[in-house]
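*Asks:* One structure coming up, written as structure tokens, with questions to follow.
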Amino acid sequence: MNRIILYGVNRSDGTVVSRVGSEVAWPILDWDAMQPENNFSTRYDLEKVDVLSIGTEYRYIKWTKKIPVEVKNIHREFWGFKPLRAVVR
């Protein structure tokens with residue numbers, strides 16, 4: 001079976017999600033990593049969730065191909081795909 005990655009932007013918070021089959025890579029905010037030492041910078045970890053479990057959040061996702069290659073490669077690594085090469089213009 002051919003696996004295809006779909007990329008989307010959550011319009012409610014701007015995070016990038018990806019979908020392969022019936023699973024979605026959903027970014028989860030790591031609250032513990034937000035420390036005064038790093039100016040409370042945010043860090044997200046991807047977590048696999050069933051597409052049905054995200055409920056009404058699904059309607060806020062805009063599916064698109066216009067995602068930076070660096071972000072796509074983070075999702076590709078998460079799903080076990082080979083990375084894309086950056087396009088030099």
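The values are calculated or read from the model by the stated rules, or taken from the named source; none is laboratory data. Being a predicted model, the structure only gives us computed values, none of them experimental. Neighbour counts run over all protein chains shown; Cβ positions are idealised from the backbone, glycine included.
*Asks:* Quick check, is GLU47 free of Cβ contacts under 8 Å to residues at least 24 places away in the same chain, part of a strand (DSSP E or B) and loosely packed, with under 13 Cβ neighbours inside 10 Å?
*Replies:* yes
*Asks:* So the check is Cβ under 6 Å with 6+ separation or different chains; which pairs have a first residue in the range 1-21 that's without any contact (Cβ under 8 Å) to a residue 60 or more places away in the chain and a second one that's basic (Lys, Arg) and outside any strand (DSSP E or B)?
*Replies:* Within 6 Å, the pairs are VAL20/ARG3.
*Asks:* Please specify each residue of the range 57-71 satisfying the condition of being touching a residue at least 40 places away in the same chain (Cβ under 8 Å) and assigned to a loop (DSSP other than H, G, I, E, B).
*Replies:* Listed by number, the residues that qualify are THR64, LYS65, ILE67.
*Asks:* Follow-up question, since we're still on this one. I need the full set of residues from the range 31-89 which are among the aromatic types (Phe, Trp, Tyr) and closer than 15 Å to VAL20 by Cα, in order please.
*Replies:* If the condition is that a residue be among the aromatic types (Phe, Trp, Tyr) and closer than 15 Å to VAL20 by Cα, then TYR58, TRP63, PHE78, TRP79, PHE81 are the ones that fit.
*Asks:* Keeping to the range 1-26, report how many residues are part of a strand (DSSP E or B), of a type outside the set (Lys, Arg) and either farther than 15 Å from ARG76 by Cβ or touching a helix residue (DSSP H, G or I) at 6+ places or on another chain (Cβ under 7 Å) (or both).
*Replies:* Residues flagged as part of a strand (DSSP E or B), of a type outside the set (Lys, Arg) and either farther than 15 Å from ARG76 by Cβ or touching a helix residue (DSSP H, G or I) at 6+ places or on another chain (Cβ under 7 Å) (or both) within the range 1-26 amount to 10.
*Asks:* Filter the range 72-83 down to residues that are in a helix (DSSP H, G or I) and not basic (Lys, Arg), then give me how many there are.
*Replies:* 6
*Asks:* Condition first: more than 15 Å from GLY14 (Cα to Cα) and surrounded by 12 or more Cβ atoms within 10 Å (Cβ to Cβ). Now tell me which residues in the range 62-78 satisfy that.
*Replies:* Answer for the range 62-78, where residues must be more than 15 Å from GLY14 (Cα to Cα) and surrounded by 12 or more Cβ atoms within 10 Å (Cβ to Cβ): VAL69, ASN73, ILE74, HIS75, ARG76, GLU77, PHE78.
*Asks:* Can you name the number of the only condition in (1) surrounded by 11 or more Cβ atoms within 10 Å (Cβ to Cβ); (2) under 22 Å from GLU77 (Cα atoms); (3) modelled with pLDDT under 90 that MET34 fails?
*Replies:* Of the numbered conditions (1) surrounded by 11 or more Cβ atoms within 10 Å (Cβ to Cβ); (2) under 22 Å from GLU77 (Cα atoms); (3) modelled with pLDDT under 90, the odd one out for MET34 is (2).
*Asks:* So, one more: Could you figure out which of (1) among the hydroxyl-bearing types (Ser, Thr, Tyr); (2) surrounded by fewer than 15 Cβ atoms within 10 Å (Cβ to Cβ); (3) part of a strand (DSSP E or B) isn't true of SER41?
*Replies:* For SER41, the failing item is (3).
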